[in-house]
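Here's the structure we're looking at; comments come further down.
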Amino acid sequence: MKSCIKTNKLLILLFFATTFLGPSFLEAKEPASASISFRIGHNIWSDDAHFNQLLELFDKYPNVTDEFTFFTQGTHAPITDEELERRCLHLKKRIAETHAHGYRAGINILCTIGQHPEDLPHSIGPEFPRAQTIDGTIAQATLCPNNDMFRKRIRRIYKAIADAGPDYIWIDDDVRTGHMLDSSGTPGSLCYCDNCMKILAQKFDKEITREYLKENFDAPETLAKIREFTSDSYNQLFSLIEETVHQVNPDLPIGFMTGERYDEGYDFARWAKTLAGPNGDREVYWRPGGGFYDQSSMSALFGKSHEIGRQVSLLPPEITVIQSEIENFPYQLLMKSANVTTLEAVSHIAVGCTGAAFNVLTGNNEPLDEYEDMVATIAERRPFFDLAVQKLGRKPNIGVFPLWEKEDGNFPNRTPVQALTSCFSEIGIPIAYTFHEDTNVVLLSRAYLSHKTPEEAKNIFQRGVYTDLDAVNLANDPATYKLNDLTGMEYGGEIRVDGIEKIEEHPLNGAFANRTRDLRQSFWREPIYSLRKTRPNVETLSSCIDYGGNQTAETIVGIYENSLGGRICINGYYPWSNFYSYSKQSQIRAIIRWLSKDRLPGYVDSFAKINFWLREPGPDGSFAGIAINSNYDAVREVAIMLKTDSDFIDVYDYNCQKTTISSSYSDKDGYRRFIISEIKPWEPVLIVCK
């Protein structure tokens, strides 16, 4: 794998390294195998017969999991301190029994703050202050974390959990904003009660009211102060939990579950440091998650993986236990098959996780033998999880970078990073989740560009940039960035009906010239933008015609190399969707490779729907990746193009059977083609390049 940034571009590298998120992974540890856990509901462990069924089932599949993680409860409003203490005494016995069967055991506290108004008659009393919305509405199931009563409760319940003797403790994802509590629909901080408003006022250095916040909510200063307040509140909570837990057992690891956390500042590195203790030497676990509870939309599986990839990219390298959340809520077996459940774990490993936490068993009183096929399938796939983690480790993903950063918390106007990501990933273009020296192509949205300084915007256009006209209009705006000389194109008109893309004759289009792509504006009402060339060396890749074959726009997809060496592609025709025809897939792949100046680390070169991820090479130049056939048909003779000097790759199938493949072709730009004979429907392969 060759370097993508030359020495004379050091300043550009430094800009991206400091702007685009993320701690360095240079000192990342490499796990030897996957960390696998099963999360066990209160309904299972609290009943002797049910718990014995659990042990009997897993004793039949002794290698399926390393540990059991016991939920403190099954409902999402905080239970009383007394009840939680009683359950911890029971869990102490369950932990000992679990140890006797050779498993580690931990406790997952479901409600530190609280989430949904569920089973309120058995929840904590009204004497504990609740969180309030920006409208002043009381959140019945969510406690305010910024008062002495709450802090006293945290010391009590976390001491009780630590006293139960677990091997680790998990804080669940109720430590977050939202929780279905804001009646106005306006996102916001964790709480706007009177006490929290006083703390917020200190951030603003003036008195403020809820009305003031609502009126000024979109202002960058308001958003920044709210994020700072929320992140600080969590950090203080984590500090209290860490101190309490480690007073009982100094060596007890603490884990935290997250999702995408723009509203809270995405301060994962800070929170992880706090959970690691004042000396930073306590082990911290992480469980990144998102919503994919059933298989009704398989694209949502990969959408969740991309969310998880962004979360993992912000974690310090010291965190090596990263168990993706695999949740089949509400645990009805036909909602998500065992095959999809295991594939989900692989997909999340591909984006950076080092294991999985399976929350897939019953939440009711069903006998656990009904779930044996699920457990057996996970056991069957466990060797592949281990092998993938061993080969991929904690190295970051490399490839095309959909521009995002943790400061994208402009709540009403989020960067649509998911829309920028999915379609490229599904046609075999590897995605990166943080800037890296091999990330030489970026996907740019207007929302991302809108909060950059002029110098930052200029630096973006020194690279390979794929974007749409909305972003270019902002880049060209004389009142903002004035980058016409770098974009090479501008708005040339709008076509609202009957627009068909015609692929023109051009070397990047190859044999696909004169093919068309009709996305039916009458059904999917997205305007088509004509591009006006403002520089002589702009080249047309696609034009627009109507249903009579008459040209209605000379250029709707254009490319341009600017004076700074940046290469730009502007797409005015459905730029972020529907790349599933042979001709459009081929054009997009050729564009991305051209934008990278033939430094893209690799890509799929077959007509197929294959999600493909690659990891940064090791010191010896070896690297690895995962390709998943994301379709219901087998794909045969799958061509993988890799930027490598090696003539051989090892390909492992789902059964860990290795096939060594020699390169069938190498081109003048240093790419070698490797042909994988077959990838079965909804199955992965692990690719290792020596």
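The values are calculated or read from the model by the stated rules, or taken from the named source; none is laboratory data. Predicted model, so just to flag it, every value in this text is computed and none were measured. FYI the Cβ positions are ideal-geometry reconstructions off the backbone, even for glycines, and counts take in every protein chain you see. Protein only, heavy atoms only, side chains kept; ligands, DNA and RNA dropped before computing areas. Shrake-Rupley method; radii C 1.70, N 1.55, O 1.52, S 1.80 Å.
Scanning region 598-607 for residues that are open to solvent by less than 10 Å² (accessible area, probe 1.4 Å) and either closer than 13 Å to Ile559 by Cβ or out of contact with any Leu (no Cβ under 7 Å at 6 or more places or on another chain) (or both) yields a count of 2.
Filtered by the rule that a residue be farther than 20 Å from Val175 by Cα, of a type outside the set (Lys, Arg) and surrounded by 15 or more Cβ atoms within 10 Å (Cβ to Cβ), region 56-89 gives Leu57, Phe58, Tyr61, Val64, Thr65, Asp66, Glu67, Phe68, Glu83, Glu85, Cys88.
The residues listed here are Ile138, Ile109; of these, the one that is free of Cβ contacts under 8 Å to residues at least 12 places away in the same chain, of a type in the set (A, V, I, L, M) and either over 30 Å from Asp48 (Cβ atoms) or touching a Leu at 6+ places or on another chain (Cβ under 9 Å) (or both) is Ile138.
Taken over region 471-500, residues that are charged (D, E, K, R), more than 18 Å from Glu456 (Cβ to Cβ) and out of contact with any Phe, Trp or Tyr (no Cβ under 7 Å at 6 or more places or on another chain) amount to 2.
When Lys395 is tested against (1) farther than 30 Å from Ala276 by Cα; (2) open to solvent by 20 Å² or more (accessible area, probe 1.4 Å), only condition (1) is not met. For residues that are of a type in the set (D, E, K, R) and touching a strand residue (DSSP E or B) at 6+ places or on another chain (Cβ under 8 Å), scanning just region 234-282, find the one that is surrounded by the most Cβ atoms within 10 Å (Cβ to Cβ). Looking at residues that are of a type in the set (D, E, K, R) and touching a strand residue (DSSP E or B) at 6+ places or on another chain (Cβ under 8 Å), I get Glu242.
Among the residues of region 67-80, those identified as part of a loop (DSSP other than H, G, I, E, B) and touching a residue at least 40 places away in the same chain (Cβ under 8 Å) are Thr72, Gly74, Thr75, His76, Ala77, Pro78, Thr80. Scanning region 439-480 for residues that are touching a Gly at 6+ places or on another chain (Cβ under 8 Å) and either closer than 22 Å to Glu494 by Cα or acidic (Asp, Glu) (or both) yields Asp468, Leu469.
Scanning region 479-505 for residues being modelled with pLDDT of 95 or more, within 19 Å of His451 (Cβ to Cβ) and either open to solvent by less than 20 Å² (accessible area, probe 1.4 Å) or aliphatic (A, V, I, L, M) (or both) gives a total of 3.
So if I check each of Phe607, Phe623, Phe612, which one is under 21 Å from Gly303 (Cβ atoms) and among the hydrophobic types (A, V, I, L, M, F, W, C)? Answer to the check: Phe612.
In region 288-321, what residues are within 14 Å of Ala269 (Cβ to Cβ) and either of a type outside the set (D, E, K, R) or over 16 Å from the mean Cα position of the chain (by Cα) (or both)? Of everything in region 288-321, those that are within 14 Å of Ala269 (Cβ to Cβ) and either of a type outside the set (D, E, K, R) or over 16 Å from the mean Cα position of the chain (by Cα) (or both) turn out to be Pro288, Gln311, Val312, Ser313, Leu314, Leu315, Pro316, Pro317, Glu318, Ile319.
Find the helices (runs of 4 or more DSSP H) located wholly in region 260-378 whose residues include 1 or more that are among the aromatic types (Phe, Trp, Tyr), and list them.
Qualifying helices (runs of 4 or more DSSP H): 268-275, 298-313.
Just one of the numbered conditions (1) closer than 21 Å to Ser583 by Cα; (2) free of Cβ contacts under 8 Å to residues at least 40 places away in the same chain; (3) surrounded by 13 or more Cβ atoms within 10 Å (Cβ to Cβ) is not true of Asn476; which one? Condition (1) is where Asn476 drops out. Considering Ser563, Ser522, the condition of being surrounded by fewer than 18 Cβ atoms within 10 Å (Cβ to Cβ), of a type in the set (Gly, Ala, Ser), modelled with pLDDT under 95 and not in a helix (DSSP H, G or I) is satisfied by Ser522 alone.
Note on region 203-225: residues that are outside any helix (DSSP H, G or I), open to solvent by 90 Å² or more (accessible area, probe 1.4 Å) and in contact (Cβ under 8 Å) with a residue 60 or more places away in the chain amount to 1.
So that you can scan it fast, the table gives a plain yes or no per residue for (1) of a type outside the set (Val, Ile, Thr); (2) part of a loop (DSSP other than H, G, I, E, B):
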{"site": "Glu526", "(1), (2)": "yes, yes"}
{"site": "Ser543", "(1), (2)": "yes, no"}
{"site": "Tyr547", "(1), (2)": "yes, yes"}
{"site": "Glu554", "(1), (2)": "yes, no"}
{"site": "Val557", "(1), (2)": "no, no"}
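The residue that is modelled with the lowest pLDDT, among those in region 379-422 that are assigned to a helix (DSSP H, G or I) and among the small types (Gly, Ala, Ser), is Ala419.
Regarding Arg94, is this residue of a type outside the set (A, V, I, L, M, F, W, C), assigned to a helix (DSSP H, G or I), open to solvent by less than 10 Å² (accessible area, probe 1.4 Å) and over 23 Å from Phe38 (Cα atoms)? No. Of everything in region 609-656 that is touching a Ser or Thr at 6+ places or on another chain (Cβ under 7 Å) and not in a strand (DSSP E or B), the residue that is farthest from Phe579 (Cα to Cα) is Asp647. Of all the residues that make up region 248-259, how many are farther than 30 Å from Val340 by Cα and either among the small types (Gly, Ala, Ser) or assigned to a helix (DSSP H, G or I) (or both)? Residues in region 248-259 being farther than 30 Å from Val340 by Cα and either among the small types (Gly, Ala, Ser) or assigned to a helix (DSSP H, G or I) (or both): 1 in total. Picking from Ser677, Ser664, which residue would you name as being out of contact with any strand residue (DSSP E or B) (no Cβ under 6 Å at 6 or more places or on another chain), open to solvent by 70 Å² or more (accessible area, probe 1.4 Å) and hydroxyl-bearing (Ser, Thr, Tyr)? The conditions single out Ser677.
Only a single item in (1) crowded, with 20+ Cβ neighbours inside 10 Å; (2) within 22 Å of the chain's Cα centre (by Cα) is not met by Leu595, and it is number (2).
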